[in-house]
1. Checking residue 33 against (1) in contact with a Leu (Cβ under 6 Å, 6 or more places away or on another chain); (2) assigned to a loop (DSSP other than H, G, I, E, B), which test does it fail?
2. Which of the residues belonging to the stretch 47-79 are closer than 20 Å to residue 27 by Cα and not in a helix (DSSP H, G or I)?
3. Report yes if some residue within the stretch 1-15 is out of contact with any strand residue (DSSP E or B) (no Cβ under 6 Å at 6 or more places or on another chain), without any contact (Cβ under 8 Å) to a residue 40 or more places away in the chain and within 20 Å of residue 122 (Cα to Cα); otherwise report no.
4. Out of the residues in the stretch 108-148 that are touching a Gly at 6+ places or on another chain (Cβ under 9 Å) and closer than 22 Å to residue 21 by Cβ, state the one that is surrounded by the fewest Cβ atoms within 10 Å (Cβ to Cβ).
5. Within the stretch 36-46, restricting attention to residues that are exposed (fewer than 13 other Cβ atoms within 10 Å of the Cβ) and assigned to a helix (DSSP H, G or I), which residue is nearest to the chain's Cα centre (by Cα)?
6. List pairs: first residue in the stretch 107-118 and without any contact (Cβ under 8 Å) to a residue 60 or more places away in the chain and on the phi < 0 side of the Ramachandran plot, second residue surrounded by fewer than 19 Cβ atoms within 10 Å (Cβ to Cβ) and in a helix (DSSP H, G or I) anywhere in the structure, Cβ distance under 6 angstrom, at least six positions apart or on different chains.
7. Just to check your reading of the model, which residue among 41, 88 is touching a helix residue (DSSP H, G or I) at 6+ places or on another chain (Cβ under 9 Å) and modelled with pLDDT of 80 or more?
Amino acid sequence: MTATGRDLMAAHAEVKAEIARTDSKTALLLAFVGAVLAGTWSLARDLPLTVPAAAVGGLGMAVLVTAAGLLLRSVRPNLRGRHGFPLWATLTPDQIHEAVTRDLAADVTGLSRLAVTKFTCLRRAVDLTMTGGVLLILAALLTLGGAA
């Protein structure tokens, strides 16, 4: 195997590992956002909320739901894509060998684009989660201030 071939295989493995790391982070953040939404809903329905607290809290919940939507979009399977399982499921063993041998650079390119898309969705979801959290904290402070 040539040095270029080894480098190409290393790049392919690195991109696949980055996709796996991004998917793991996405799953953890999705679980966190779901827990925050459930916990906030449980607390808010039992509290006497002022109008400003309800408005800010509702906006915070909407931002968190948007973050969850981005996270789900990031991990949504792409069955029409040209990489991975969907492609391999349509090929014979000989065609798979030929495709891998001939098209590894194109696969690295396609997977890299997929990784960037996933990372961008994750980054936006993190920003929205932090914004939603700040809004929920503000709503809690407004509720505590209104109760005092």
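1. (2)
2. 76, 77, 78, 79
3. For the stretch 1-15, residues out of contact with any strand residue (DSSP E or B) (no Cβ under 6 Å at 6 or more places or on another chain), without any contact (Cβ under 8 Å) to a residue 40 or more places away in the chain and within 20 Å of residue 122 (Cα to Cα): present.
4. Across the stretch 108-148, the extreme among qualifying residues is 110.
5. 38
6. Short answer, once both residue conditions are applied: none.
7. 41
The values are calculated or read from the model by the stated rules, or taken from the named source; none is laboratory data. Quantities reported herein were computed from a predicted structural model and do not represent experimental measurements. Cβ: placed from backbone, ideal geometry, glycine included. Neighbour counts: every protein chain shown.
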